[in-house]
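Undergrad: Let me begin by handing over the structure; questions about it come next.
Quick note: the coordinates plus some simple rules give every number you see, no bench work behind them. If you're wondering where the values come from, they're calculated on a predicted model, not measured in any experiment. Every residue, glycine among them, receives a Cβ derived from its backbone with ideal geometry; neighbour counts consider all protein chains shown.
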Amino acid sequence: MQMGYVDEVLQRVKSQNGEQKEFNQAVQEVLESLRPVIEQDEAKYRKQAILERLTTPDRQLLFRVSWVDDQGQTQVNNAYRVQFNNAIGPYKGGLRLHPSVNLSIIKFLGFEQIFKNALTGLPIGGGKGGCDFDPKGKSDREIMAFCQSFMTELAKYIGADMDVPAGDIGTGAREIGYLFGQYKRLKGVYEGVLTGKGLEFGGSLVRTEATGYGLLYLVDALLRDHEQTLKGKVIAVSGAGNVAIYAIKKAQELGAKVVTCSDSTGWIYDPEGIDLELLREVKEVKRERLTAYAENRPSAQYHEGRGVWQVKVDVALPCATQNELALEDAKQLVANGVLAVAEGANMPTTLEATKYFQENGVLFVPGKAANAGGVAVSALEMSQNSERLSWTFAETDEKLKAIMENIYYTIKDAAKEYGVADDFVLGANIAGFKKVATAMQAQGVY
């Protein structure tokens, strides 16, 4: 008896990428939810090898980055760029600078990016890159030396109509500026090859706020569609970086109270609500640990380690890193009566936790839909660069809000079409897949 097509491809992916746990996890989550679509016309998808082509990157680049530190010592890092799929537009996805970066993580992020980018409704394909370089504690000169070496190799494979990287963990405005300057120097052209640039040289307003704001715009649409509202809701947020900070800001603007945040060493519970200005001063200005927040906020309690998800809240927004919300955390949240969980980070919820939420009636929205605001505004930055325009904050924010609300209704409708109302994981995967697969089929085998 012939194995089913989805199972066949899952087996193939695992045999070829055995040690790449993050990538295997992402592929399994997506392909399992695509079964209703694939089984409708399995012979066609199999004949055209759509799933094999979708789970195999167009290109995987691994290269060395050598640079000299302030002591005159030459340092060597491993860098990656995975160009996954460009069926609907140029490859688009961030560059992550963090010691944890490896090929599995970059492939998982690039694979997720295919569907996330498709859901935005904008013409962008999926890719991702990064390096095991740690920008923390480095001088500006060291950051510049690294970025210039990194771009010297990366520039061979990217371009405004080919592959447009962006920022990610560890890659902020400073790093993007150095990368852009080196690309311009090497290529001799001024084009929108990177997004997340400074406003002075082609950046877009709202880009800094985009992922956090977009997350709340989608949650707001989700709750309103279920006869709820954000006003008066208590929210748990993990993380204390860019996404978390602007998620907290927009949640407060929409009338909710956020009572937690976290960093790599501990977490804060503030029953009076997070003091956003103090949090920004601690994390963005002084770059200190959250202990400094607790020292300056009498109502705040600081705890070492993990624990954000044990607090009783209405909505949970994981905004830190992959697999931070496990099954035991999900059980605690459900026991405390959580209504909705939406991912602000990439795959922060384990497969077991996701399943538990769904089985217990929690409205769960995956990152490929909920955190698409960042790449959406990156694509809007590309549009502004191409047209030599600069939109106002209000114009861009309005476009972002419309995109996120459209994503919600797109994934809702896809789930409903396949008889599983409110299964937003299935809805997001199916909606993204159908758009990309249709484009692949139209363009032939390549």
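Undergrad: Can you list, largest first and rounded to whole Å, the semi-axes you get for the range 298-446 by taking the square root of 5 times each eigenvalue of its Cα gyration tensor?
TA: On the way: eigenvalues 192, 101, 38 Å².
One finds semi-axes of 31, 22, 14 Å for the range 298-446.
Undergrad: Most exposed first by the Cβ proxy, i.e. fewest other Cβ within 10 Å, how do VAL425, VAL311 rank?
TA: Sorted ascending by nearby Cβ count, the order is VAL311, VAL425.
Undergrad: If I take R0 = 60 Å and measure r between the Cβ atoms of MET3 and ASP69 in this structure, what FRET efficiency does the formula 1/(1 + (r/R0)^6) give, to the nearest 0.05?
TA: For MET3 and ASP69, the calculated efficiency is 0.70.
Undergrad: Here is a further query. Which value at 222 nm does the chain reach when only helices count, each DSSP H run of 4 or more adding -39,500 (n - 2.57), with the total divided by all residues and rounded to the nearest 500 deg cm²/dmol?
TA: So the calculated ellipticity at 222 nm is -14000 deg cm²/dmol.
Undergrad: Testing the spin-label approximation: label points 7 Å from Cα along Cα→Cβ at THR229 and GLN16. State their distance in nm.
TA: 5.1 nm
Undergrad: Scale the Cα Rg of the range 57-191 by the rule-of-thumb value 2.2 N^0.38 Å and send over the ratio, two decimals.
TA: The value comes to 1.01.
Undergrad: State, as an integer percentage, the relative contact order of the chain based on alpha-carbon contacts under 8 Å between residues 6 or more apart.
TA: Working: 895 pairs, mean separation 66.6, N = 446.
The value is 15 percent.
Undergrad: What is the Å³ per residue value for the convex hull set by the Cα atoms of the chain?
TA: Per residue, the Cα convex hull of the chain comes to 143 Å³.
Undergrad: Could you pull out which residues in the range 342-368 have an amide N less than 20 Å from a spot 7 Å beyond the Cα of LYS331, following the Cα-Cβ vector?
TA: The answer is 349-363.
Undergrad: Another question about this same structure. Given a cut-off of 21 Å, name the pairs among LYS355/LYS412; LYS116/LYS156; LYS92/LYS184; LYS92/LYS250; LYS187/LYS399; LYS231/LYS416 whose C-alpha atoms lie farther apart than that in the structure shown.
TA: On the way: LYS355/LYS412 18 Å; LYS116/LYS156 26 Å; LYS92/LYS184 19 Å; LYS92/LYS250 26 Å; LYS187/LYS399 32 Å; LYS231/LYS416 27 Å.
Long pairs (Cα-Cα over 21 Å): LYS116/LYS156; LYS92/LYS250; LYS187/LYS399; LYS231/LYS416.
Undergrad: Still on this structure: For MET144, MET347, what's the fewest-to-most ordering of other Cβ within 10 Å of each Cβ?
TA: MET144, MET347
Undergrad: Measure off 7 Å from each Cα along the Cα-to-Cβ vector at GLU281 and ALA442, then give the distance between these two points in nanometres to one decimal.
TA: Label-label distance for GLU281 and ALA442, simple model: 5.4 nm.
Undergrad: Could you give the semi-axes, largest first, of the ellipsoid that matches the range 113-165, computed as the square roots of 5 times the alpha carbon gyration tensor eigenvalues and rounded to whole Å?
TA: 28, 14, 8
Undergrad: Counting Lys and Arg as +1 and Asp and Glu as -1, what is the net charge of the other residues whose Cβ lies under 12 Å from the Cβ of ALA300?
TA: With Lys, Arg at +1 and Asp, Glu at -1, the net is -3.
Undergrad: Please compute P(r) over all alpha-carbon pairs of the range 342-421, binned at 5 Å starting from zero, and give each bin as a whole-number percent.
TA: For the range 342-421, the pair-distance distribution reads 3, 13, 18, 20, 17, 11, 8, 6, 3, 1.
Undergrad: Rounded, prolate or oblate, given the Cα gyration tensor of the range 210-321, with a/c below 1.5 counting as rounded?
TA: Because a/c hits 1.5 or more and a/b exceeds b/c, the range 210-321 counts as prolate.
Undergrad: Is the range 5-54 best put as rounded, prolate or oblate by its Cα gyration tensor, with a ≥ b ≥ c the root eigenvalues, rounded for a/c under 1.5, and otherwise prolate when a/b is larger than b/c, oblate when not?
TA: prolate
Undergrad: Taking every DSSP beta bridge that has both residues in the chain, what percent is antiparallel when rounded to the nearest 5?
TA: Roughly 55 percent of the beta bridges in the chain run antiparallel, per DSSP.
Undergrad: Using the number of other C-beta atoms within 10 angstrom as an exposure proxy, rank ARG81, ARG64, ARG35, ARG96 with the fewest first.
TA: ARG64, ARG35, ARG96, ARG81
Undergrad: Also, I was wondering about something else. List the residues whose amide H sits under 5 Å from the amide H of LEU290, counting only those 5 or more places along or on another chain, with H placed 1.01 Å from N in the peptide plane.
TA: Under 5 Å from the amide H of LEU290 lies no amide H from a residue far enough along the sequence or on another chain.
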